[in-house]
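As structure tokens, the structure follows; a few thoughts come after it.
The values are calculated or read from the model by the stated rules, or taken from the named source; none is laboratory data. Remember, it's a predicted structure, so these values are computed and weren't measured experimentally. Positions of Cβ are generated from backbone atoms using ideal geometry, with glycine treated the same way; all protein chains shown enter the neighbour counts. All accessible areas refer to the heavy atoms of the entire protein, side chains included, with ligands and DNA or RNA removed. Shrake-Rupley method; radii C 1.70, N 1.55, O 1.52, S 1.80 Å.
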Amino acid sequence: MNPHPQIVVLDAGGQYCHLEARKVRDLGVYAEVRPSETPAAELAGARGLIISGGPSSVYEPGSPTVDPAIFASGQAVLGICYGQQIMAHLLGGEVRPGEKGEYGLATLELDETTDPLFAGLGGRQQIWMSHRDLVGAVPPGFSVAGRTDTCAVAAIAAPARKLYGLQFHPEVAHTARGREYLANFVFRVCGCVPDWDPRHRAPAIEQEIRQAAGDRSVFFFVSGGVDSTVAFHLCTLALGPGRVRGVYVDTGLMRDGDTDFAHHMAGVTVEDAREQFLDALGGVTDPEQKRHIIGEEFVRVQERVIESRRLMDEQWILGQGTIYPDTIESGGTAKAAVIKTHHNRVEGIRKLIACGRIVEPLRLLYKDEVRALGRELGLPAELLERHPFPGPGLAIRCLCSEFDAPVRPSREGHIIPVQSVGVQGDSRSYAPVLAIDALDHDRATALVNRLSGVNRVITLVAARAPLEELQVRACSLTPERLARLRRADATVRRLSQEGDFDRQVWQFPVILIPLGTADAPDSVVLRPVDSVDGMTARSVPMEPELLRKISAEVLRLDGIAGVFYDLTHKPPGTIEWE
Ligand code: XMP
């Protein structure tokens, strides 16, 4: 049985809606995300609603809205950022574009008040803002409780109706007292009672697995990642080891150590498909074609496994490690699901899903909740702390080139003639990369915004030869290049873990580009990013000492001519280079 959400976050298209739900759950109160337009009647069971932020303007046609009946339901409502604006707009206030945007840290001046949302929080404090529009006039019955230099209406309240708005983001770590705002809302305003601790979910999940399976067994394609491993383990606990089987497909595109790990998982067999994948990818340089081939080959392996193990027989259901954000398809979060469905599904798997022969034990949990549960179950820390790793594996971190081409000097630095992928709006674009001569994120951001035809800016941090002497050369995905990337990736991962840097980033791709000399034909790009869900990301700076250590050690590896640092946020540069 699903728990009943005490708080529902209405997703108005912001990457932050999941962060808001997660932060409420961190307070011990179960929260779920729903589309912003969900009818009030369907939300009646919740004690409180949060309307999330979002990138739109309330005046844009088609921008997200909410059912106005929620404001008259007697439920508590907290609008955050866009959520405050849509609340003000629908209740008779005024929203207008600010004279200048306010992005990043700001200082809030909050009135001393006894209002339950603001109790104990009055005074000056650091907050995090991200808006251009602002509330120009509050709706009738509301008062202003807080302001910044740029935004006169940063916190509003109509306490008798339990309606509140915050222009800033209490859910992000940069808002110093953000957790207290959320706690006040959840406990003092909504009167929620703690009902949620992911560490205690195992018995309920195991019960659900037993129900879904009946007397059948569960089969998984495991990837070696956190989610599929925890899901697999829960099924084993629920049904006993004899009734849970997994296959790990070794595509030859995995990181160092991944396949060894799979070899040691009880109940899992390794399907060695390295030759099949590498043969199919031989000579291919186009990134989209690489992805396509990997998808197709994966389908072939799945078909082979399903047939050879008679998994379509009535005795089997399919287990998957799907987690909560992947199940939500609304507003700004829909694309996360699209990103993940990189493999066309095999007909057999489609059928299993269509007739409900599937169990997804983690479908209500966020990643950090999966980790907490995994720790409780005694799974090893090095598994649980792993960063997300893409299905197509190292293939989308190993750039290829159709041509030989020289590095070209430009007014701003040097143009590296490899094609790296970026995002513009909803579409992907391929463009050469600009290398600048300083590790300067601000300059990189300004340049990438100004220059058309460039969606990524990097800087050289160590090299065996001057940048002008390096050459891009024609090449594809060869076992030799993949081995080189695997070594560089393992080196960076080890040093980043030793330096405790891996915990400060959400993901840390290491990319191989075919730029080098005759003796050392490739270079490595370090791409550490911080992110909420991979939809947007910020390039994270690294301590100079650690960077020196990493680049020196990578440069000593065979075949590596240079080490670069990617300074690009997403958008416009994607996390992976493809
Ligand atoms: P991009 O490169 O689009 O990546 O900024 C966003 C996030 O998605 C991951 N990613 C994938 N994950 N299959 C996956 O399971 C894929 O095909 C795939 N492509 C990208 C990427 O690692 C990052 O976390």
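Give, as ranges by residue number, the residues of region 242-256 whose backbone N falls under 15 Å from the point 7 Å along Cα→Cβ of Leu557.
253-256
Would you mind telling me the share, in percent, of accessible area of region 202-391 contributed by carbon and sulfur at probe 1.4 angstrom?
Carbon and sulfur: 49 percent of the exposed surface of region 202-391.
Go through 26-37, 259-270, 375-386 and give me the packing order, highest mean Cβ count within 10 Å leading.
Ranked by mean Cβ neighbours within 10 Å, highest first: 26-37, 259-270, 375-386.
How many lysine pairs are close in region 202-391, with Cα atoms under 20 Å apart and the two 8 or more places apart or on different chains?
Close lysine pairs found across region 202-391: 4.
Within straight cross-link reach of Lys23, meaning Cα distance under 17 Å, which aspartates and glutamates are found once same-chain residues fewer than 8 apart are removed?
Candidates past the 8-residue exclusion: Asp11, Glu32, Glu171, Glu180, Asp195, Asp197, Asp368, Glu369, Asp533.
Rounded to the nearest 500, what is the 222 nm mean residue ellipticity of the chain from helices alone, with -39500 (n - 2.57) per DSSP H run of 4+ residues and division by all residues?
After summing the helix terms and dividing by residue count, I get -8500 deg cm²/dmol.
Give, rounded to the nearest 20 debye, the magnitude of the charge dipole that the chain has about its Cα centre when Lys and Arg contribute +1 at Cβ and Asp and Glu contribute -1 at Cβ.
Result for the chain is approximately 420 debye, rounded to the nearest 20.
For region 487-555, what % of the accessible area comes from carbon and sulfur atoms, probe 1.4 Å?
48 percent
Mind listing which trypsin sites (Lys or Arg not before Pro) in region 400-498 are in a DSSP loop and have 11 or fewer other Cβ atoms within 10 Å?
Filter output for region 400-498: Arg411.
Only loop residues by DSSP count here, and only those with at most 12 other Cβ atoms within 10 Å; note down the trypsin sites (Lys or Arg not before Pro) in region 258-324 that meet that.
Here the sparse-neighbourhood loop sites are Arg310.
Measuring with a 1.4 Å probe in the full set of protein chains, what accessible area per residue, in whole Å², belongs to the chain?
41 Å²
How much length would be gained if the chain were fully extended between Lys351 and Ala152, taking 0.36 nm per residue of separation minus their Cα-Cα distance, in nm to one decimal?
The span from Lys351 to Ala152 would gain 66.1 nm if fully extended.
When the accessible area of region 7-189 is split by element with a 1.4 Å probe, what percent falls to carbon and sulfur?
It is 51 percent, rounded to a whole number.
Once the dipole of the chain is set up with Lys and Arg at +1 and Asp and Glu at -1 on Cβ about the Cα centre, which of Leu434, Val230, Gly413 lies farthest towards its positive end?
Projecting each Cα onto the dipole axis, the largest value belongs to Val230.
Nearest 20 debye, what's the magnitude of the dipole of region 455-504 about its Cα centre given +1 on Lys and Arg Cβ and -1 on Asp and Glu Cβ?
Computed charge dipole of region 455-504: roughly 200 debye.
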